[in-house]
1. Quote the FRET efficiency, to the nearest 0.05, computed for Leu178 versus Thr79 with a Förster distance R0 of 35 Å and r equal to the Cβ-Cβ distance.
2. Considering only C-alpha atoms, what is the centroid distance from segment 192-234 to segment 10-35, in Å?
3. Largest first, what is the accessible-area ranking of Ser78, Ser66 with a 1.4 Å probe?
4. Charges at C-beta only: +1 for Lys and Arg, -1 for Asp and Glu. How large is the resulting dipole of segment 64-187 about its Cα centre, in Debye rounded to 20?
5. Only four residue types carry charge here, +1 at the Cβ of Lys and Arg and -1 at the Cβ of Asp and Glu. Report the dipole size of the chain about the Cα centre in Debye, rounded to the nearest 20.
6. In deg cm²/dmol, rounded to 500, what helix-only [θ] at 222 nm does the chain give when every DSSP H run of at least 4 residues adds -39500 (n - 2.57) and the total is split over its residues?
7. From the gyration tensor of the Cα coordinates in segment 14-63, what semi-axes in whole Å does the equivalent ellipsoid have, largest first, with each one equal to sqrt(5λ)?
8. For the chain, modelled as a GNM with alpha-carbon contacts under 10 angstrom, which of Pro169, Pro13, Pro192 fluctuates the most?
Amino acid sequence: MSRSAADPLDPGPAGFAHRGLHAGSAFPENSLIAFAAALEAGAGIECDLRLTADDKVIVFHDADASRMCGSPTVIGRSTHAELARLRVGEHPLPTLESLLGLVQGRVPLLLEVKVDGDLWRWVAPLRRALAGYHGRFGVMSFEPRLVRLLKTNAPEWRRGLVVADDLAPWKRRMALWLADPDFVAVETTAAPRPWVARQRRKGPVYSWTVRTAHQRKSLSDRVDALIWEGDGRP
């Protein structure tokens, strides 16, 4: 069953590019060049946020820089100045502000917070980074307590809960109750499940990460937008 209400973050048929429109070392994931490529394609952008030791919000997926930068540097234990020396491909690690400056409201953003034990530190840095931004965005997380904190401290923002398919049903129900999200992002394998259809009656449901044409086709009538990469591109 489809939802009845309009989605303020609707990206249109191009969906959301997962970590930007990335491809190999020339267009690394979560880099400004990958985000620029997504803009060229007219796609919404999904990305990951982490907090530095000095409360700067940067766009990066992993807890440390070994996979992307060949460095054992731990993101949450390092200052922004220390991280500025690292490179993803030939590019510096973006800040949230630099992403917002690039996008300038042209496409909707899904900003996934990697809480990493810093639950209570997140609200103020996010508020600083997003202050004055007038484009469409949603802040989402696997951590329902973060989503609830945002409901209390930033009720004007769209808030989302990210849900893995292997989450036990009772934990999922508790997480949805606690988070009280505006939207949900579910793993592709969860999309056919009855609870997802029920959730769509309450608000938009997006699905991650769509990587094949078969997944794209099978999910087209089960969710409201695709979070895709590679051959999952609409």
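The values are calculated or read from the model by the stated rules, or taken from the named source; none is laboratory data. Given the structure is predicted, the values throughout are model-derived calculations rather than measurements. Cβ sites come from the backbone with ideal geometry, for glycine too, and all protein chains shown count toward neighbours. We work out accessible area using only protein heavy atoms, side chains counted, and drop any ligands, DNA or RNA first. Shrake-Rupley method; radii C 1.70, N 1.55, O 1.52, S 1.80 Å.
1. Working: r = 32 Å, r/R0 = 0.92.
Given R0 = 35 Å and the Cβ-Cβ separation, E is 0.60.
2. 17
3. Working: Ser78 10, Ser66 65 Å².
Sorted descending by solvent-accessible area, the residues read Ser66, Ser78.
4. On the way: 18 positive and 14 negative charges, 57 e Å.
Dipole size: approximately 280 debye.
5. Values: 32 positive and 27 negative charges, 151 e Å.
Roughly 720 debye, rounded to the nearest 20.
6. Working: 9 runs with 69 residues, N = 234.
Roughly -7500 deg cm²/dmol at 222 nm, from the helical runs in the chain.
7. Ellipsoid half-lengths, sorted descending, are 21, 11, 8 Å.
8. It is Pro169.
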